[in-house]
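Reading through the structure tokens given below for one structure.
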Amino acid sequence: MKHTETELLQIKNSISEMWVLVLSQLRNAKTALVTSDSDLARVVISLEKRVNAFELKIDSDCENYIALFSPVAIDLRLVLSILKINKTLERIGDFAEGIARFVLQTENMGTHEELLKLVRIDEMAGHVETMLEKTLNAFTEENSRQAGMVFSIDNEVDTIYRDDYELLAKYVVEHPADAFYVLLLATVLRKFERTGDHCNNLMEEIVFYLDAKVLKHQKKGKQE
């Protein structure tokens, strides 16, 4: 194997390792949320530094690879995609940490199991987790055919998110004492919804890398 191929493989392995870590972070944040597990939430928060360390290293490795080897064609598309994937995974890691912090912030506010069931947060989080897992599989298996499924699942996430705001508004009217909790919960729902959008972005980068097709802006965009 050529030196350039070895270097590129190492970068690809690093981003895959980061992907696995971020997926674990999202899963644990979801579990901590639905089970009110403060200890697990603290684990998620403590591991955020590892996600950030991955981002910095991968950024540096990609920049060095471009400077040293001047890649072209599919190798260049791979490096450019990894740079964007790296940033996107770091953002998803931030969302996972934010969800974990919600668990700690609300641990003394009592249980709200019925409200969490009402907004279908377990289902929403499960969809997002599936999306992130499928993007990882698509990248490691070099298979862009899962793109349609990822985009379809995101539509389900968006539907739940839209329905939730009407449900939360009604809940606040009926339970005004829980208004602050509901406000915080709305930010968590937003984090899951945005994670779904970021999974779409990951899939778009995989399609660009493998098929040389640009999907960005072909769907109606959303703001950060």
**OP:** Return yes when LEU56 is closer than 22 Å to LEU215 by Cβ and not basic (Lys, Arg) and no when it is not.
**Re:** no
**OP:** Please give the number of the condition GLU174 fails out of (1) surrounded by 21 or more Cβ atoms within 10 Å (Cβ to Cβ); (2) free of Cβ contacts under 8 Å to residues at least 40 places away in the same chain; (3) of a type outside the set (Val, Ile, Thr).
**Re:** (1)
Original post:
So, in segment 125-170, of the ones that are of a type in the set (Ser, Thr, Tyr), without any contact (Cβ under 8 Å) to a residue 60 or more places away in the chain and out of contact with any Asp or Glu (no Cβ under 7 Å at 6 or more places or on another chain), which residue ends up surrounded by the fewest Cβ atoms within 10 Å (Cβ to Cβ)?
Top reply: SER152
Original post:
Any residue at all in segment 26-36 that is on the phi > 0 side of the Ramachandran plot, surrounded by fewer than 18 Cβ atoms within 10 Å (Cβ to Cβ) and not basic (Lys, Arg)?
Top reply: yes
Subject >> Pair list, Cβ < 7 Å and 6+ apart or interchain, from segment 51-67 residues that are over 13 Å from ASN13 (Cα atoms) to residues that are among the small types (Gly, Ala, Ser) and in a helix (DSSP H, G or I) >> reply: VAL51/GLY93
Subject >> Contacts under 9 angstrom Cβ, first residue in segment 194-218 being over 17 Å from PHE139 (Cα atoms), partner small (Gly, Ala, Ser) and at pLDDT 95 or above, 6 or more apart >> reply: THR195/ALA96; THR195/ALA125
Original post:
Looking only at helices (runs of 4 or more DSSP H) that fall completely inside segment 54-155, which ones have 2 or more residues that are more than 15 Å from the chain's Cα centre (by Cα) and β-branched (Val, Ile, Thr)?
Top reply: 73-105, 121-140
Original post:
Could you give every pair whose Cβ atoms fall below 6 Å, whose first residue belongs to segment 104-124 and is more than 22 Å from ILE45 (Cα to Cα) and in contact (Cβ under 8 Å) with a residue 24 or more places away in the chain, and whose second residue is surrounded by 12 or more Cβ atoms within 10 Å (Cβ to Cβ) and acidic (Asp, Glu), counting only separations of at least 6 or pairs across chains?
Top reply: VAL119/ASP164
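To keep it simple, each residue is scored yes or no on (1) touching a Ser or Thr at 6+ places or on another chain (Cβ under 6 Å); (2) under 19 Å from THR88 (Cα atoms); (3) not basic (Lys, Arg).
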{"site": "ASP164", "(1), (2), (3)": "no, no, yes"}
{"site": "PHE180", "(1), (2), (3)": "no, no, yes"}
{"site": "LEU183", "(1), (2), (3)": "no, no, yes"}
{"site": "ARG190", "(1), (2), (3)": "no, yes, no"}
{"site": "GLY196", "(1), (2), (3)": "no, yes, yes"}
{"site": "CYS199", "(1), (2), (3)": "yes, yes, yes"}
{"site": "GLU205", "(1), (2), (3)": "yes, yes, yes"}
Original post:
Looking at GLN25, GLN10, which is the one that is of a type in the set (S, T, N, Q), closer than 19 Å to GLU133 by Cα and either in a helix (DSSP H, G or I) or modelled with pLDDT under 95 (or both)?
Top reply: GLN25
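The values are calculated or read from the model by the stated rules, or taken from the named source; none is laboratory data. Note that the structure is predicted; figures quoted are calculated from it, not measured. All Cβ positions, even for glycine, are placed from backbone atoms using ideal geometry, and neighbour counts span all protein chains on display.
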